[in-house]
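Undergrad: The structure is given below, and queries will be raised subsequently.
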Amino acid sequence: MSTCWEKESGGCATLVRDPAEALRRRGKRLVLAGQLPMAGRVADQFRRQGWQVHVLEAGESLNRTIKALKPNAVVLDAQLGEQSGYLACAKLHRAKPRLPVLIVSSKRSPKAERFAQFVGAAAFVCEGDSPSELLAVISSVLLMAL
């Protein structure tokens, strides 16, 4: 069992022996952005696991949503529409370096995975991966970020 420190709202730090318990205490908020074909399935899967999920609607500002919701993680489609998911990831990583951003692409390729890592993505996931695999990836990314 690992040990980590969790900062409380008052600024005091509390010793937490189990990182999974730290995640449960903090609440888990997830933002899904883009034309993700599996967004509904993924949102349902995460809600069953106790996450608060916000699916970004067309025209809704990613930056305003991130600022308002303060999510624990963001899942971006590689093709967001007006800008690429990679560019959005790079901007988010620069503004909020501790926020895990995952990029979802329709195809898995070594080049796309390297580029996702280059722009600061915490992980790269293929649309063909199941929602439970995506949940496992996000959970592991969040535990590493504690």
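Computed from the coordinates by the stated procedures, all read-outs in this text should not be read as laboratory data. Worth saying up front: this structure is predicted, and the values here are computed from it rather than measured. Neighbour counts run over all protein chains shown; Cβ positions are idealised from the backbone, glycine included.
Undergrad: Using a basic spin-label model with each label point 7 Å from the Cα along Cα→Cβ, how many nm lie between S140 and A95?
TA: Placing both labels 7 Å along Cα→Cβ, they lie 2.9 nm apart.
Undergrad: What order do you get for F46, F118 when you list them from fewest to most C-beta neighbours inside 10 Å? It would help to have the intermediate numbers written out before the result.
TA: Numbers: F46 23, F118 11.
Listing F46, F118 from fewest to most nearby Cβ atoms yields F118, F46.
Undergrad: Starting from the amide H of A73, placed 1.01 Å from N in the peptide plane, find each other amide H under 5 Å away whose residue is 5 or more places distant or on another chain.
TA: Under 5 Å from the amide H of A73 lie the amide H atoms of R29, V31, each far enough along the sequence or on another chain.
Undergrad: Can you count the Lys pairs in the stretch 26-145 with C-alpha separation below 25 Å, eight or more apart or on different chains?
TA: So the count works out to 11.
Undergrad: What percent do you get for the relative contact order of the stretch 26-145 when only Cα pairs under 8 Å and 6+ apart count?
TA: Relative CO of the stretch 26-145 lands at 26 percent.
Undergrad: Rounded to two decimals, what is the ratio between the C-alpha radius of gyration of the stretch 26-145 and 2.2 N^0.38 Å?
TA: Output field value: 0.94.
Undergrad: Here's something else I'd like to know. Using θ = phi - 60° and the Karplus relation 6.51 cos²θ - 1.76 cosθ + 1.60, list the HN-Hα couplings for the stretch 42-54 in order, rounded to whole Hz, with x at every Gly or Pro.
TA: Each residue's phi maps through the Karplus curve to give 5, 4, 4, 4, 5, 4, 5, 8, x, 7, 8, 10, 10 Hz.
Undergrad: While we're looking at this one, here's another question. In whole Hz, with x marking every Gly and Pro, tabulate ³J(HN,Hα) for the stretch 96-101 from phi via Karplus 6.51 cos²θ - 1.76 cosθ + 1.60, θ = phi - 60°.
TA: Listing the rounded values in order: 9, x, 8, 7, x, 10 Hz.
Undergrad: What does DSSP give for the stretch 26-145 in terms of the percent of beta bridges that are antiparallel, rounded to the nearest 5?
TA: 5
Undergrad: Packing-wise, with mean Cβ within 10 Å as the measure, how do 27-34, 67-74 rank, highest first? Please list the in-between numbers first.
TA: Numbers: 27-34: 20.4, 67-74: 17.5.
So the order, starting with the most tightly packed, is 27-34, 67-74.
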